[in-house]
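Quick notes on the structure that follows.
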Amino acid sequence: MHLQNKVAIITGAASGFGEATSKLFAKQGAKIVAVDFDFEKVQKVVDEINNNGGEAIATKADVSNAQDVKAFVDLAIKEYNQLDIIYNNAGIFIPGTAEEITEDQWDKVINVDLKSVFLGTKYALPHLKKTKGVIINTASAGGIIGFPQAVAYGAAKGGVISLTKATAVDYAADGIRANAICPGTGETGLTKEVLADENMQAGFLQPIPMKKFAQPDDIAKAALYLASDLSSYVTGTALPVDGGWTMS
Ligand SMILES: NC(=O)c1ccc[n+]([C@@H]2O[C@H](COP(=O)([O-])OP(=O)(O)OC[C@H]3O[C@@H](n4cnc5c(N)ncnc54)[C@H](O)[C@@H]3O)[C@@H](O)[C@H]2O)c1
């Protein structure tokens, strides 16, 4: 097992990439603090982990709210006395060009997708210094290349990549590694509606050389690599997990 005796906070754990990562990390021996806005759903994920021999607790939080973020970091320490991994993964997508998107929508996307990563990093760092821990952030292929109608999302995810690199540089001497994952289009709650439309589905598939969408487990396996000693000399990367989309 790659994460024996580790304690991991995972945000957006009720669905998609965060759910799959919570289950995989638990199977690999980590104790999970599963965070989501949707408490009922995240509790179900936690129940499944605990019923299968893992160890996890669920908590409700808005990752863009500083008090909530501080509270789930404090909860991890109260329950498990240490923090080894924070996976800042929760996020939303609101489509729109610069003309279409409203100021409120811009603020919402930047707060949930970017400010949340700053807050999670900020409050986890004092504890990660003690364990020489790991930070993983979910960025996006949309933070590397421009894709249509995603002005706020692309800005937030590009920001996540830069924040990750800055943190990796600032805390390398403390033994902390910080990396981002850049998923391509994945089949999750975030894309359910858009991929239900056959034309949209074909459009999203077209630029992907591997001609298939990311499954939650594809991202969970990348997160396991970055969370564990398998990536012991890797920091400051933005790892595309995108079927070749951003290289083509
Ligand atoms: N699915 C894709 O195609 C894709 C591609 C690139 C990046 N991403 C990123 O992957 C991450 C995970 O998304 P997913 O695809 O698994 O989607 P998802 O919708 O299945 O899961 C996201 C989870 O985050 C939670 N969440 C949303 N806002 C929150 C908030 N303010 N506070 C707490 N929890 C909140 C939701 O309740 C949900 O459970 C996001 O950061 C997303 O931007 C997704």
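Data table
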{"read-out": "Some residue of segment 169-180 being under 30 Å from Q28 (Cα atoms), within 11 Å of the ligand (Cβ to nearest atom), outside any helix (DSSP H, G or I) and in contact (Cβ under 8 Å) with a residue 12 or more places away in the chain", "value": "yes"}
{"read-out": "Failed condition for D113, given (1) out of contact with any Phe, Trp or Tyr (no Cβ under 6 Å at 6 or more places or on another chain); (2) in contact (Cβ under 8 Å) with a residue 40 or more places away in the chain; (3) away from the ligand (no atom under 11 Å from the Cβ)", "value": "(3)"}
{"read-out": "Near pairs, Cβ below 6 angstrom, 6+ apart or cross-chain, from segment 1-26 (more than 7 Å from the ligand (Cβ to nearest atom)) to any residue that is basic (K, R)", "value": "V7/K31"}
{"read-out": "Close pairs from segment 185-198: first more than 16 Å from K212 (Cβ to Cβ) and within 11 Å of the ligand (Cβ to nearest atom), partner assigned to a loop (DSSP other than H, G, I, E, B) and among the small types (G, A, S), Cβ under 9 Å, at least 6 apart", "value": "G189/A14; G189/S15; L190/S15; L190/G91"}
{"read-out": "Matching residues in segment 27-48 - criterion: being among the β-branched types (V, I, T) and either part of a helix (DSSP H, G or I) or within 7 Å of the ligand (Cβ to nearest atom) (or both)", "value": "V35, V42, V45, V46"}
{"read-out": "Any hit, segment 101-109, residues being in contact with an Asp or Glu (Cβ under 9 Å, 6 or more places away or on another chain) and in a helix (DSSP H, G or I)", "value": "no"}
{"read-out": "Odd one out for A155 among (1) away from the ligand (no atom under 16 Å from the Cβ); (2) surrounded by fewer than 19 Cβ atoms within 10 Å (Cβ to Cβ); (3) among the aliphatic types (A, V, I, L, M); (4) under 17 Å from the mean Cα position of the chain (by Cα)", "value": "(1)"}
{"read-out": "Residue in segment 231-243 that is within 12 Å of the ligand (Cβ to nearest atom), surrounded by fewer than 18 Cβ atoms within 10 Å (Cβ to Cβ) and polar (S, T, N, Q) present", "value": "no"}
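Bear in mind these aren't lab numbers, they're just calculated from the coordinates by the rules spelled out. What you see is a predicted model, and the numbers here were worked out from it, not measured in a lab. Heads up, the Cβs are rebuilt from the backbone with ideal geometry, glycines too, and the neighbour counts pull from every protein chain shown.
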